[in-house]
Amino acid sequence: LSYNLTDALTNRPEGFHPDAVIFRFLNNNDTGDRFITRYGEGVTRVATALLLTVPGVPSIYTGDEYGLAFEPYQQLEPLVFEEQFPGLREYHKKLIALRKSIPSLHSRLWTLITPDAVPQTVFSYVRYDESGEAPVLVLLNFSEEPAVFAFDIPAEFGEPAGDELYDLLAEETVPAVVTGRIQASVPPQTARLLTQEPIQ
């Protein structure tokens, strides 16, 4: 998974033009069954966090925020916009608000992180902007098992003042710094957006 995501997000080995702004989506008219139909709610939540925290232009396709299961061109009757998974719409709204309000989450700058010896079902990166203020560590666990992300503190993130970081999604502090390295536990099929302190 992590190799495939790296290739897809960076167009490795060719890369993207320096001025490119990539349009990103989980669903569109031509992807057939909806992402949530194929992968379930948990993976969809993590993939949505990815979509809304990587550089580029994210697209929330019709009904994604409600968890609607349909196939374009096949369903001719109007969609009924009723939430299929409790809290999914609020989750989308929260991620969108964070992307809008935190400059590092809508900049073009990011650095991929390769944690120590973790399953290929995890993915991580640091988001930052030119000012260097309020960088965000994004830790994505697509697995049905908890994962511990351990890696050297990225220069773009700066040196944490203590042994805890703040998770913007869970709105809580989490133990995350051990002997000068990041070491954070991420529950199954969960995203963590970690900052040095809460961001107003």
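The values are calculated or read from the model by the stated rules, or taken from the named source; none is laboratory data. Bear in mind the structure is a predicted one, so any value in this text is a computation, not a measurement. Cβ coordinates were reconstructed from backbone atoms using ideal geometry, including for glycine residues, and neighbour counts include every protein chain displayed. The protein model used for the area step is the full one, side chains on, heavy atoms only, and it has no ligands, DNA or RNA in it. Shrake-Rupley method; radii C 1.70, N 1.55, O 1.52, S 1.80 Å.
State yes or no: is Tyr39 of a type outside the set (A, V, I, L, M, F, W, C) and open to solvent by 70 Å² or more (accessible area, probe 1.4 Å)?
Yes; evaluated as a whole, the condition is true for this residue.
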In the range 17-36, how many are of a type outside the set (Asp, Glu), in contact (Cβ under 8 Å) with a residue 24 or more places away in the chain and either open to solvent by 70 Å² or more (accessible area, probe 1.4 Å) or closer than 19 Å to Leu194 by Cα (or both)?
-> 3
All positions within the range 132-163 that are open to solvent by 50 Å² or more (accessible area, probe 1.4 Å) and closer than 29 Å to Gly40 by Cα = Glu144, Glu145, Pro146, Val148
For Leu68, indicate whether it is open to solvent by less than 60 Å² (accessible area, probe 1.4 Å) and under 27 Å from Tyr166 (Cβ atoms).
-> no
Could you check how many residues of the range 42-60 are in contact with a helix residue (DSSP H, G or I) (Cβ under 7 Å, 6 or more places away or on another chain) and either open to solvent by 40 Å² or more (accessible area, probe 1.4 Å) or not in a helix (DSSP H, G or I) (or both)?
-> 6
Quick one: would you say Asp129 is among the acidic types (Asp, Glu), free of Cβ contacts under 8 Å to residues at least 60 places away in the same chain and surrounded by 14 or more Cβ atoms within 10 Å (Cβ to Cβ)?
-> yes
Tell me which of these Leu165 doesn't satisfy, since it passes every other one: (1) outside any loop (DSSP other than H, G, I, E, B); (2) under 16 Å from the mean Cα position of the chain (by Cα).
-> (2)
With the first residue restricted to the range 84-104 and required to be free of Cβ contacts under 8 Å to residues at least 12 places away in the same chain, and the second required to be in a helix (DSSP H, G or I) and open to solvent by 80 Å² or more (accessible area, probe 1.4 Å), Cβ contacts under 9 Å at 6 or more apart or on different chains are Lys100/His106
Considering residues that are under 15 Å from Leu137 (Cβ atoms), among the hydroxyl-bearing types (Ser, Thr, Tyr) and under 14 Å from the mean Cα position of the chain (by Cα), the number found within the range 95-121 is 2
